[in-house]
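Read the structure below first, then the notes.
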There are 2 protein chains.
Amino acid sequence: MPEERSRTPAGQRILAAAEELFYERGITAVGVDLIAEHSGLTKRTLYNQFGSKDHLVTAYLTERDQRWRTLVRDTVDACADPVEAVTAPFAALRTWGRTNTRGCAFVNALAELPDPAHPAHRVAADQKHWLLDLFRELATAAGCAHPAPLATRLLVLHEGALATQPLALDTLAESTDLARGLVRASLRTGGRDGTRR
Amino acid sequence: MPEERSRTPAGQRILAAAEELFYERGITAVGVDLIAEHSGLTKRTLYNQFGSKDHLVTAYLTERDQRWRTLVRDTVDACADPVEAVTAPFAALRTWGRTNTRGCAFVNALAELPDPAHPAHRVAADQKHWLLDLFRELATAAGCAHPAPLATRLLVLHEGALATQPLALDTLAESTDLARGLVRASLRTGGRDGTRR
DNA sequence: CCAGAATTACACTGATCTGTGAACCACCCA
DNA sequence: TGGGTGGTTCACAGATCAGTGTAATTCTGG
């Protein structure tokens with residue numbers, strides 16, 4: 001299994017086809033033959049590049065994770081106001097959701113791969129913790145005195161908006177608004193507003 | 001495919017085994033042979049009772065939906081205070097989550113069955129809309145003047161708590177608290193607090 | 001032009017999957 | 001006693017799946 005640095009153009013095309021198919025149709029429902037056909041490459045090349053379907057799945061999730069983190073980072077960095085930056089991941093979610101209407105790829109992946117030893121679990125868990133940490137950092141930078149509980153609540157709102165996305169209610173707008181309200185309240189009262197204990 | 005009224009004891013045992021296996025290991029990952037083996041019955045009986053795996057999957061989701069709705073209804077009915085009743089589904093989620101640690105079965109099912117024509121999609125969508133309607137009714141009963149946006153927000157919190165459940169942060173406590181705060185604020189200001197437009 | 005790497009073509013294995021056919025058996029009720 | 005229903009047994013069809021072996025071919029950099 002070659003590292004991503006040594007990934008061939010053919011390997012990239014295969015990975016691109018796998019990303020689309022895995023996300024749109026589900027991992028177990030998509031066979032390696034289908035991926036090869038969609039990429040215009042050969043199944044043999046797929047195995048030369050990725051070694052196994054499991055490794056391809058892991059590469060798919062890792063690649064997707066990187067793309068998503070880049071989008072979030074860029075959206076955050078584009079915010080001049082540090083208070084607005086705290087809710088920037090929700091703005092990123094609006095962009096992201098335009099082309100990703102089948103919910104969270106990592107939640108979906110965990111649904112299909114229940115084995116906790118599968119590398120997909122690490123990728124998924126890492127992603128959620130990365131976002132949680134990001135929320136905490138942003139809240140701290142915005143001047144919130146107690147960023148941890150705020151970050152947890154923002155994560156809940158974020159995942160809730162993602163999970164309800166296929167319902168076609170405008171839950172993203174509601175959760176974004178709610179998130180902004182939480183941040184404002186947290187700043188007004190030094191971060192103790194509405195928190196337990 | 002017999003109706004559920006005419007379901008045989010053997011059919012019920014098969015359905016019970018299917019529920020556990022489908023939820024714990026995923027739908028596509030579990031074959032009919034495994035279900036038959038776990039139930040102590042025969043694959044032939046499975047097909048005599050349910051006709052196909054798709055029908056069994058639909059029965060699984062329907063049965064699960066009914067169990068969950070019953071729990072939520074009972075928890076709501078046990079609340080004397082109509083204000084407390086609005087957040088009763090969150091209390092139900094605490095009970096539910098003790099034995100269901102693999103997230104929402106319907107979100108997981110949709111991840112594995114991307115075909116919108118599959119009956120599982122109707123069951124899943126109906127469930128979320130049922131909860132949304134329930135939130136709205138409870139908010140109205142509690143005296144909230146604008147229950148619709150509150151209901152949407154409570155749904156987001158509920159789904160967020162469900163989705164982040166596998167992360168083992170205590171997001172349920174946070175979302176419950178947040179939900180209570182939303183309800184209180186909504187009553188104080190006649191339901192216009194923090195809502196857009 | 002050449003060497004080595006990447007890719008192709010294609011046949012194949014072995015496992016697993018959903019679903020079926022048909023005979024047989026056990027129980028219950030009339 | 002005799003059906004009828006529900007369950008079993010077991011072999012099997014047909015499809016699909018992940019993954020491999022091998023030889024031929026194309027691409028690319030020196």
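Within the range A:109-126, none of the residues are buried (at least 21 other Cβ atoms within 10 Å of the Cβ) and closer than 29 Å to A:A185 by Cα.
Residues in the range B:24-35 that are in a helix (DSSP H, G or I) and either open to solvent by 10 Å² or more (accessible area, probe 1.4 Å) or of a type in the set (D, E, K, R) (or both): B:E24, B:R25, B:V32, B:D33, B:L34.
For the residues A:A29, A:A59, the requirement of being within 15 Å of DNA strand C (Cβ to nearest atom) and over 21 Å from A:D126 (Cα atoms) singles out A:A29. Checking the range B:180-197 against the condition returns no match, with no residue being open to solvent by less than 30 Å² (accessible area, probe 1.4 Å), more than 9 Å from chain A (Cβ to nearest Cβ), under 19 Å from the mean Cα position of the chain (by Cα) and touching a residue at least 24 places away in the same chain (Cβ under 8 Å). In summary, A:A168 fulfils each of the numbered conditions (1) at negative phi; (2) open to solvent by 20 Å² or more (accessible area, probe 1.4 Å) with the single exception of condition (1).
Looking only at residues in the range B:16-57 that are in contact (Cβ under 8 Å) with a residue 40 or more places away in the chain and more than 14 Å from chain A (Cβ to nearest Cβ), which one is nearest to DNA strand D (Cβ to nearest atom)? Of everything passing the filter in the range B:16-57, B:Q49 is nearest to DNA strand D (Cβ to nearest atom). You will find that of B:T58, B:T28, B:T45, B:T8, the residue that is in the same structural domain as B:A125 (by TED's automatic domain parsing) and either at positive phi or of a type in the set (S, T, N, Q) (or both) is B:T58 and no other. Restricting B:E24, B:E20, B:E37 to those that are within 26 Å of B:P116 (Cβ to Cβ) and more than 8 Å from DNA strand C (Cβ to nearest atom) reduces the list to B:E24.
The values are calculated or read from the model by the stated rules, or taken from the named source; none is laboratory data. Model, not experiment: these values are computed from the prediction. Backbone-built Cβ (ideal geometry, glycine too); neighbour counts: all protein chains shown. Remember, those area values only see protein heavy atoms, side chains included, never the ligands or the DNA or RNA. Shrake-Rupley method; radii C 1.70, N 1.55, O 1.52, S 1.80 Å.
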